[in-house]
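First the structure, in the form of structure tokens, and then the observations on it.
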Amino acid sequence: MQRLRTVRLEEAALVLAAVLASIYFDRAILFTPHVYQGDTLLLEYWMRRFQDPGLFTDPLTHALLHTAYVPLGIQGIYLLASYVVDPVKFGAWGVVVVAPFSAWLVFRIIREHTAWIPAAWLGAALFLLPWSTERFSGTHARAFAQPIVLLTLHLVLRGRARWAAVVPIAGALLYPPAALLAAGVLAAAALVRHGRRPALDRPVAVAAAACGVLVIAVLLAPGLLGLPTGHLITAAAARHYPEFHSRGQMVFFRRSILDMLKGRYSGFDLRTPGAILVTAAIVMALLPPSNLRLVRREVWMTAVVSLVLFGLSYAVLFRLYLPNRYTHPLLPVCCIVIGVCFQPTWALIGRRLRPWLLPLAAVALPAAIGWLGLRVFTLGPQVPERAVGSIVRHGLAAVALSALAAAGLCVAVVARRRPAATGAALVALLSTLVSGALLVGAVAGTSGGRNYTTCTQPRLHAFLRTLPKDAIIAGDPVVLNCVPIESDRAVVISQKLYQPVDVSYLKVIRPRMFAMIKAYYGDSRRAIVRLHARYGADYFVVERPLLEATHASPAYTFMAPFERVVDNVLQHSPVRAALRLPRSCVVWHRLTLTVYDLRCVGQAAS
């Protein structure tokens, strides 16, 4: 009973630490007004109509919902939450649930492998770095990917195949790619060895078969029931669109496999901390090679299933949605491998080195891993050699002092409880703990920027909020990014709402983007007026500096073909019609921003 109570207290401490870490990492979103996770501007703004059905009844939002970008299960969760809280605020705070729950699963999985207490803490700490929590931030559908896969893996490791089979079925309602991954993990767990021959664990195989059938049924059900299912573009069709090439928004077609893997949407676009983590996992697994056997087969199979589905998704590009959705389990697998193999690795080092060399090795090992990840690992960021030292020093300094203090405390506790454990044993323990803490520091200290969007121009949005609920706003697509979430008003098109992966949605947004850019930057007042007749635009937002520029703003840099369209219009249009609209049609003005009533503009033009 005392042992169980200690375990529960330790897990509670882990969850509390994870909650505090999640709040710290997302503090800008949680506590700063007008700051959002980037994809919230696409995936959650419209959920406010759960609280007010008069909002977002426009054709663009209708087309967006028919893409099924947001699975029905996620919509159900937000619908229930909307009875007590703003859905956008609910999504922001959801990170303090899904991220700690995932960290707890990593913690428990490592504990299934080893009783060495720091191992699970090390793995959970590496998992909770910003490189990981960004996937949870905003609590979009992808935030449920790792909880679904990790919970399935945890139940499989504990021999609860029937309960494990339930998780992918429920997960299909929340995040279909994760459901396929979890079902694959369960199916792989059914493959065992009988002597030297492969065999099937029949109870697990039956559970996996039933799970697979029901997952497919859940995924097909919306189409059979006439609910939105989306129509993903084919690879052959995508090749004809600049949006999917080198200067486009979603780059999938590159000159080499390596360039493709390092691309943003491949799932292997490892930033600095990711490259260090993967390198550390490889080092720990292979030093010594016997470490490979310490990690249970089900964990390795999780990585295999992830890579197989990643390859399959590229082979049938877009048919299984985006390939990078299938690489999410690789991060927790790396953290699990590091946690499980760290102490055995140091046991080997301790046997081969003299005690006085261990403190040097404690610093050298994470530094070497950092150097390998930044300079040698092919899929890493390939940081210039002159910058490696400063990056690693920055990372090591992030927790060096606290690591030494924590390690000293641990050694003091051990020495007090076990007086015989002194000398070489304490030096080895101290070196192991310091090395682990410095590895955490190297990864944490090199974690880069976050995917935050800060919405400026609050007075503009406050005015737009006073307009009728069904008003549709026109203007530069970049300027309009924050209008839906800040003012609760629909737009003709915005840069964030331009997502070309669904072919039906692409047919809606592409003409809108061309028409909007040509009308905004062009010399034809009729083109501006047509926005009202063609797309129902009621108000037109003009930002003067954009129209006085000679080139497209940097926001269009990777928005082919629209960067070239903006440049062509700016360079070949002798006048800017948007700067010559009737003053009598102005409904709001402040500094460089002006809002016009398009009905008034149309009447003046006629």
Subject >> Those residues of segment 236-270 which are on the phi < 0 side of the Ramachandran plot, of a type in the set (Gly, Ala, Ser) and in a loop (DSSP other than H, G, I, E, B), in sequence order >> reply: SER246, GLY248, SER256, GLY263, SER266
**OP:** Filter segment 198-225 down to residues that are in a helix (DSSP H, G or I) and touching a strand residue (DSSP E or B) at 6+ places or on another chain (Cβ under 9 Å) and give me whichever is surrounded by the fewest Cβ atoms within 10 Å (Cβ to Cβ).
**Re:** ALA205
Original post:
Looking at this structure, is PHE56 closer than 30 Å to LEU220 by Cβ, touching a Pro at 6+ places or on another chain (Cβ under 6 Å) and of a type outside the set (Val, Ile, Thr)?
Top reply: no
**OP:** Select from segment 272-295 the residues that are among the β-branched types (Val, Ile, Thr) and part of a helix (DSSP H, G or I) and list them in ascending order.
**Re:** THR272, ILE276, VAL278, THR279, ILE282, VAL283
Original post:
In the set ILE493, ILE485, which member is outside any strand (DSSP E or B), closer than 30 Å to PHE25 by Cβ and in contact with a helix residue (DSSP H, G or I) (Cβ under 9 Å, 6 or more places away or on another chain)?
Top reply: ILE485
Subject >> Single match in ALA81, ALA120 (criterion: more than 16 Å from the chain's Cα centre (by Cα), closer than 30 Å to LEU16 by Cβ, in contact (Cβ under 8 Å) with a residue 40 or more places away in the chain and open to solvent by less than 20 Å² (accessible area, probe 1.4 Å)) >> reply: ALA120
Subject >> Any chance ALA161 is under 23 Å from the mean Cα position of the chain (by Cα), farther than 22 Å from LEU42 by Cβ and modelled with pLDDT under 95 >> reply: no
**OP:** Those residues that are in contact with a Gly (Cβ under 8 Å, 6 or more places away or on another chain) and closer than 16 Å to PRO323 by Cα, I need them from segment 247-294; list them, please.
**Re:** VAL251, PHE252, ARG254, ASP269, LEU270
**OP:** Output yes when any residue across segment 571-583 is under 21 Å from ARG247 (Cα atoms) and outside any loop (DSSP other than H, G, I, E, B), and no when none is.
**Re:** yes
Original post:
In this structure, is PHE56 part of a loop (DSSP other than H, G, I, E, B) and either open to solvent by 10 Å² or more (accessible area, probe 1.4 Å) or more than 30 Å from VAL156 (Cβ to Cβ) (or both)?
Top reply: yes
Original post:
Looking at LEU79, LEU4, which one is modelled with pLDDT under 95 and part of a helix (DSSP H, G or I)?
Top reply: LEU4
Original post:
For segment 177-197, how many residues meet the condition of being on the phi < 0 side of the Ramachandran plot, surrounded by fewer than 24 Cβ atoms within 10 Å (Cβ to Cβ) and not β-branched (Val, Ile, Thr)?
Top reply: 8
Original post:
What are the pairs, 6+ residues apart or on separate chains, where a residue within segment 467-484 that is at positive phi has its Cβ under 9 Å from a residue that is open to solvent by 20 Å² or more (accessible area, probe 1.4 Å)?
Top reply: GLY475/TYR539; GLY475/GLU543
Original post:
SER313: at pLDDT 90 or above, in a helix (DSSP H, G or I) and either open to solvent by 20 Å² or more (accessible area, probe 1.4 Å) or among the small types (Gly, Ala, Ser) (or both), yes or no?
Top reply: yes
Subject >> Of residues in segment 487-509 being among the charged types (D, E, K, R) and within 27 Å of ARG465 (Cβ to Cβ), the one surrounded by the most Cβ atoms within 10 Å (Cβ to Cβ) >> reply: ARG489
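A quick yes/no check of all residues on (1) surrounded by fewer than 19 Cβ atoms within 10 Å (Cβ to Cβ); (2) modelled with pLDDT under 90; (3) within 23 Å of PRO177 (Cα to Cα):
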site	(1), (2), (3)
ALA237	yes, no, yes
PRO242	yes, no, no
ARG247	yes, yes, no
PHE253	yes, yes, yes
GLY267	no, yes, yes
ALA275	no, yes, no
Subject >> Residues that are β-branched (Val, Ile, Thr) and surrounded by fewer than 19 Cβ atoms within 10 Å (Cβ to Cβ), drawn from segment 515-560 >> reply: THR550, THR557
**OP:** Just need a number here: residues in segment 316-338 that are open to solvent by less than 10 Å² (accessible area, probe 1.4 Å) and hydroxyl-bearing (Ser, Thr, Tyr).
**Re:** 2
Subject >> Filtered residues of segment 84-113 (kept if surrounded by fewer than 18 Cβ atoms within 10 Å (Cβ to Cβ) and of a type in the set (Lys, Arg)) >> reply: LYS89
Original post:
Checking THR550 against (1) at pLDDT 95 or above; (2) over 25 Å from PHE244 (Cα atoms); (3) in a loop (DSSP other than H, G, I, E, B), which test does it fail?
Top reply: (1)
Original post:
Which of the residues spanning segment 268-298 are in contact with a His (Cβ under 8 Å, 6 or more places away or on another chain) and not basic (Lys, Arg)?
Top reply: LEU294, VAL295
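The values are calculated or read from the model by the stated rules, or taken from the named source; none is laboratory data. Only a predicted model underlies this, so the values are computations on that prediction, with no experimental measurement involved. Cβ coordinates were reconstructed from backbone atoms using ideal geometry, including for glycine residues, and neighbour counts include every protein chain displayed. Side chains included, ligands, DNA and RNA excluded: accessible areas come from the protein's heavy atoms. Shrake-Rupley method; radii C 1.70, N 1.55, O 1.52, S 1.80 Å.
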